[in-house]
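*Asks:* Pasting in a structure now, in structure tokens, and then I'll have a few things to ask.
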Amino acid sequence: MISRGKRNILMNVYFLVSAVCVLVADQVTKHLITLKLPVNSSVEIIPGLLYMTHVKNSGAAFGIFQNYTRVLTIISIVAIVLIILLKSILKLNSIFYNVSLGFVLGGALGNLIDRYFVGEVTDFINLTFLPVFNVADSFIFIGFFLIIILILKEYLKKEKTKGS
């Protein structure tokens, strides 16, 4: 059995490693797209379904709130601070919670870096049934989706125990 202190350190490692992996993957893919694919051009990957399409996005995920870069930068900073506070206050002992929060943090940091240093976000993953997005957007969505599943699982477990 791992001591409480060691477990907290381990959970922090999961949180930070997942955030850093998402951040690095996001920044590397955006850099490669910027180098290899001109803005507003597209390469077909899976005909009729998946394209790499290089677009610049001054809005939020999936192209909403265009031209609100400063507001979105402030919202991103607040969200990042809240994620870190949530992580430290709740002392989450679940690997999945920590990795999921790390996904959200890494994605938020990735898009914040673009907004702050470039003034817009590079998007490039183009599924024909969705607006163009990037790795950061994907992991923010995945992280929130996993957190919702974990919360629902905990709620249902409490309801089942309560009903017994």
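*Asks:* State which residue pairs qualify: first residue more than 21 Å from Leu101 (Cβ to Cβ) and in contact (Cβ under 8 Å) with a residue 24 or more places away in the chain and inside region 120-148, second residue among the small types (Gly, Ala, Ser) and in a strand (DSSP E or B) in any location, beta carbons under 7 Å apart, and separation of 6 or more residues or different chains.
*Replies:* Asn126/Ser42
*Asks:* Also, quick follow-up: When you go through Ile77, Ile9 one by one, which is the residue that is in a helix (DSSP H, G or I), out of contact with any Phe, Trp or Tyr (no Cβ under 6 Å at 6 or more places or on another chain), hydrophobic (A, V, I, L, M, F, W, C) and more than 19 Å from Val104 (Cα to Cα)?
*Replies:* After applying the criteria, what remains is Ile9.
*Asks:* Of the residues in region 72-114, how many are in contact with a Ser or Thr (Cβ under 9 Å, 6 or more places away or on another chain) and closer than 14 Å to Ile140 by Cβ?
*Replies:* 14
*Asks:* Here's a follow-up. Determine whether Ile95 is surrounded by fewer than 17 Cβ atoms within 10 Å (Cβ to Cβ), touching a residue at least 24 places away in the same chain (Cβ under 8 Å), touching a Phe, Trp or Tyr at 6+ places or on another chain (Cβ under 6 Å) and within 30 Å of Ile46 (Cβ to Cβ).
*Replies:* In short, no.
*Asks:* Suppose we filter region 100-131 for residues that are farther than 20 Å from Val78 by Cα and either surrounded by fewer than 22 Cβ atoms within 10 Å (Cβ to Cβ) or not acidic (Asp, Glu) (or both); how many remain?
*Replies:* Looking only at that region, the number is 9.
*Asks:* Across region 16-45, what is the total count of residues that are surrounded by fewer than 16 Cβ atoms within 10 Å (Cβ to Cβ) and either under 14 Å from Val135 (Cα atoms) or in contact (Cβ under 8 Å) with a residue 60 or more places away in the chain (or both)?
*Replies:* Summing the residues that are surrounded by fewer than 16 Cβ atoms within 10 Å (Cβ to Cβ) and either under 14 Å from Val135 (Cα atoms) or in contact (Cβ under 8 Å) with a residue 60 or more places away in the chain (or both) in region 16-45 gives 10.
Computed from the coordinates by the stated procedures, all read-outs in this text should not be read as laboratory data. All values reported here derive from a predicted model rather than from experimental measurement. Virtual Cβ from ideal backbone geometry, glycine too; neighbours counted across all protein chains shown.
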